[in-house]
1. Which of the residues that make up segment 47-74 are buried (at least 19 other Cβ atoms within 10 Å of the Cβ) and either among the polar types (S, T, N, Q) or in a helix (DSSP H, G or I) (or both)?
2. For THR91, which of the numbered conditions (1) of a type outside the set (A, V, I, L, M, F, W, C); (2) under 16 Å from ARG35 (Cα atoms); (3) surrounded by 12 or more Cβ atoms within 10 Å (Cβ to Cβ); (4) under 14 Å from the mean Cα position of the chain (by Cα) fails to hold?
3. Can you tell me how many residues within segment 45-90 are of a type in the set (S, T, N, Q) and in contact (Cβ under 8 Å) with a residue 12 or more places away in the chain?
4. Determine whether segment 28-35 contains at least one residue that is of a type in the set (Lys, Arg) and within 11 Å of the chain's Cα centre (by Cα).
5. Residue by residue through segment 1-53, note down the ones that are at pLDDT 95 or above and aromatic (Phe, Trp, Tyr).
6. Could you grab me the full set of residues in segment 94-106 that are touching a residue at least 40 places away in the same chain (Cβ under 8 Å) and under 16 Å from the mean Cα position of the chain (by Cα)?
7. Looking at segment 86-102, is at least one residue modelled with pLDDT under 95 and more than 13 Å from ILE15 (Cα to Cα)?
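The values are calculated or read from the model by the stated rules, or taken from the named source; none is laboratory data. Everything numeric in this text was worked out from a predicted model, so none of it was measured. With ideal geometry, Cβ positions are generated from the backbone for all residues, glycine too; neighbour counts draw on all protein chains shown.
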Amino acid sequence: MATPKANPSIYELKITLLDITRPIWRRVQVPSTIRLGGLHDVFQAAMGWTDSHLHQFEKDGKYWAVPDPDQFEGDIKIINESRVPLDTVLTAEGDSMVYVYDFGDNWRHRVVLEKILPSDAAGSPAGSASFALPSGQEPMH
């Protein structure tokens, strides 16, 4: 008899936009097994963006993004984000990575794994979000 597959834990992440005067951040909860490509979609929705620019994730000299079939020899090695679950990149509370959106404007974000919650944690539905903007400021587009 097959053992039932356990539900993934819930990761609570804090995404903070870097190199700005006033802090802009988002807090989201996602399944630990979400692929990085799906996490990009979550970040786009949480930040109020339209997914109209390139992006990548960075950690420890590794880069995850949508692979470029025209990549040149000597370019940085890009790992296909659609194949990588988040829990293989961030493994413990306090782990972090960088999310870069829009290579022209170079919006860099620090992504911190704040909490690992059990899949059945009350009040912790995957996909929930909270965020803060300075007073009177609207989301970036």
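1. Those that are buried (at least 19 other Cβ atoms within 10 Å of the Cβ) and either among the polar types (S, T, N, Q) or in a helix (DSSP H, G or I) (or both): MET47, GLN56.
2. (3)
3. Residues meeting the conditions: 4.
4. Checked against the condition, which is being of a type in the set (Lys, Arg) and within 11 Å of the chain's Cα centre (by Cα), segment 28-35 yields at least one hit.
5. Of everything in segment 1-53, those that are at pLDDT 95 or above and aromatic (Phe, Trp, Tyr) turn out to be TYR11, TRP25, PHE43.
6. MET97, VAL98, TYR99, VAL100, TYR101, ASP102
7. The answer is yes, given that some residue of segment 86-102 is modelled with pLDDT under 95 and more than 13 Å from ILE15 (Cα to Cα).
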